[in-house]
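Notes to accompany the following structure.
Derivation of every value follows stated rules applied to the coordinates shown; laboratory data play no part. For clarity, every value in this text was computed on a predicted model and none was experimentally measured. A quick note on method: Cβ atoms are made from the backbone with ideal geometry, for glycine too, and the neighbour counts reach across all protein chains shown.
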Amino acid sequence: MSIVQLLIYGLVFGSILALLSSGFSLVYGVARVLNLAHGAFYLLSAYIIVWFVDGGLPYPLAIVAGLILITIIGAVTYISLIKPTEKYGEAVVMIVTFALAFFIQNAILLYEGSKIGELEPISLDLYISGGVWFYGILVSYQKIIILIATICILLFLILFIKKSKLGKSIRAVSQDKDAAQLMGINVDRILMITVAFSALLAGFAATLYTPETALYPQFGWDYLLLSMSVVILGGMGSLPGSVIGAFVISFAKYYVLIFIDNPLQTGYSGLVHLAVIFIMLIIRPRGILCKKERT
């Protein structure tokens, strides 16, 4: 029974982490910047959909509108914040994107707090209610949708990067910006698309997982830390490494929750990814599938 629970919850949460960390890793791999607003994109995507639904928009249309809007916000973030500051170094970009994440969180806190008088968690509606029994465990249809959707999105991402003209341009920029520019590739446009696409991946993760869990404005930092942990574990800039790292951390987290009988098990599960990262930095500092640094 417990093994089945570990399998189900590890796969579901690992799928969400894979989507989330793939976007974070993609931006680092192409632009060589750490976008600390990535967790805020996850957070904002869910709230945007809730606001659209509260405004009377049908749920499916709210999801589409929310995903489009968060993609645009990602593009605007690159144009207005990352592009003007990246020439001053990675540290400045980190500070600016951290400030953006802090602004988004506090804007949501102020708006939600003033609207209802006190802050409450949000949760989106399940796409399909009910579920199926699997070895004595009820697996909701939402979990099944998460697994199927994640597989489809990640397969599309792989094919898009490897086969499409735009994907080849992204790969060229990730390998050498100057050489790509000499080949006629608009580097700024590619970087903008990359940040926008990473925001879209965060939006997909939020859209799929928020129906399964409650979400507070402060949770954006949790998902940012998880994404960073996955990327460090998998290898900075490596998409396959991010997918592997996502499932390693997910299964480690749920192993603690399911098998360790302790009143502090929730707290321990929240720290387990840090322990995994600490061990990895000692054994293999550049991660499981480290991406070769550009010279």
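Using Stokes-Einstein with the Kirkwood hydrodynamic radius over Cα pairs, what translational diffusion coefficient do you get for the chain at 10 °C and a viscosity of 1.306 mPa s, in µm²/s rounded to a whole number?
Result for D is 81 µm²/s.
With label points built 7 Å along Cα→Cβ from the Cα atoms of I148 and L271, find their separation and express it in nm.
4.1
Evaluate the distance, in nm, between pseudo-label points positioned 7 Å from the Cα of L155 and of F278 along their respective Cα→Cβ axes.
Using points 7 Å along Cα→Cβ, the separation is 4.0 nm.
Output the peptides 89-99, 220-230, 161-171 sorted from most to least packed, where packing is the average of other Cβ atoms within 10 Å over each peptide's residues.
220-230, 89-99, 161-171
Please arrange I258, I232 by how many other C-beta atoms lie within 10 Å of their C-beta, fewest to most.
I258, I232
Expressed in nm to one decimal, what extension gain is obtained for the pair V4 and K168 from 0.36 nm per residue of sequence separation less their Cα-Cα distance?
55.0 nm
Multiply the residue gap between I68 and I128 by 0.36 nm, knock off their C-alpha separation, and tell me the result in nm, one decimal place.
Taking 0.36 nm per residue and subtracting the Cα distance, the gain is 19.3 nm.
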